[in-house]
Amino acid sequence: MPASVLDEGTGVYFMWMALDPDWRRRGIGQALLPRLEAYGREQGAAKLWTGCREDQDYSIRFLEKAGFHNYGLRFEAVLDLNTFDEVPFVAAIDRAKQAGFEFTNLAAERAINLDADVLTYELDAETRAEVPWPGGARSEMTYEQYRQRNFDAPDADPRGILIARYQGRYAGLTSVRFRKDGMAHTMMTGVRREYRGQGLAMALKLLSFRLMKERGYTKTLTNNDTANPPILRLNEKLGYQKRPADLQWEKIL
């Protein structure tokens, strides 16, 4: 049964707890929570954030009893790659190429650029900083944190980090995690501000779908926030179907 706290912004710590169903309602969560809260305070956290699915009544009761309040929603959405038709959208790839964009991946970039990892992190950090979360926070990671999650994790794959370049500069990316449960998970899609409005996010997503299908994946998953309408509209346009929402919870320490 893992439990953890992760800093994603000044004063805000994200918290996760997961209990084996056979061990629920035995006071384990109630015993762990004070330890997580104490750790957060020691690190200077002003508040804890966490989430649970809207159909998890037991989690909702636990969080409400523990003094958390709901402040927003995140959506998990799935796209069936077997039925997805790229034809209505595929022109986005051609337009991007005609505009001078080149598409590659981190594995290919590492072969020609010793700074590829750092440049990928800088692109992700710049675009991630503009992604709004419910509650108004912004996600922040150091290079070491980003590397641990995206480069060194057991299921990390540099070929799954697709990059758009413009005149040699990294302009946009989409990062895919190929999970062992048969689901391809889009972790992040971001485009630098000066390159937006040219369909680059659409092109990157379409190319990632092709890669997923080449590897035999039939479904892809992503997460979006109600505070981020542009990407919600893009995913709805592509045909993503929403699953039960993730309720976002906050506790002031």
Please go through the range 190-207 and pick out each residue that is surrounded by fewer than 18 Cβ atoms within 10 Å (Cβ to Cβ) and either on the phi > 0 side of the Ramachandran plot or touching an Asp or Glu at 6+ places or on another chain (Cβ under 6 Å) (or both).
GLY197
Out of curiosity, is PHE62 touching a Leu at 6+ places or on another chain (Cβ under 9 Å) and within 30 Å of ARG165 (Cα to Cα)?
no
Across the range 208-231, what is the number of residues that are assigned to a helix (DSSP H, G or I) and either basic (Lys, Arg) or surrounded by fewer than 20 Cβ atoms within 10 Å (Cβ to Cβ) (or both)?
7
What do you reckon, is GLY51 part of a strand (DSSP E or B), under 24 Å from the mean Cα position of the chain (by Cα), closer than 30 Å to MET212 by Cα and not aromatic (Phe, Trp, Tyr)?
yes
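Quick grid of which residues meet (1) modelled with pLDDT of 85 or more; (2) surrounded by 12 or more Cβ atoms within 10 Å (Cβ to Cβ); (3) assigned by TED's automatic domain parsing to the domain that holds ALA129:
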| residue | (1), (2), (3) |
| --- | --- |
| ASP7 | no, yes, no |
| VAL12 | no, yes, no |
| ARG24 | no, yes, no |
| ILE28 | yes, yes, no |
| ARG41 | yes, yes, no |
| ASP57 | yes, no, no |
| ILE60 | yes, yes, no |
Tell me, yes or no, whether the range 80-100 has at least one residue that is on the phi > 0 side of the Ramachandran plot and either in contact with a Lys or Arg (Cβ under 6 Å, 6 or more places away or on another chain) or outside the structural domain of ALA164 (by TED's automatic domain parsing) (or both).
no
Which residue pairs have Cβ atoms closer than 8 Å, lie 6 or more positions apart in sequence or on different chains, and pair a first residue in the range 47-69 that is without any contact (Cβ under 8 Å) to a residue 24 or more places away in the chain with a second residue that is buried (at least 19 other Cβ atoms within 10 Å of the Cβ)?
SER59/CYS52
Checking ALA96, ALA92 in turn, the sole residue that is touching a helix residue (DSSP H, G or I) at 6+ places or on another chain (Cβ under 6 Å), over 30 Å from ASP246 (Cβ atoms) and not polar (S, T, N, Q) turns out to be ALA96
Residue by residue through the range 77-124, note down the ones that are within 23 Å of the chain's Cα centre (by Cα), without any contact (Cβ under 8 Å) to a residue 40 or more places away in the chain and more than 20 Å from SER208 (Cβ to Cβ).
VAL118
Answer yes or no: is there a residue in the range 140-161 that is surrounded by 21 or more Cβ atoms within 10 Å (Cβ to Cβ) and in a strand (DSSP E or B).
yes
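The values are calculated or read from the model by the stated rules, or taken from the named source; none is laboratory data. From a predicted model like this one, the values you see are computed outputs, not experimental measurements. Quick reminder, even Gly has a Cβ in these numbers, built from the backbone with ideal geometry, and neighbours come from all protein chains shown.
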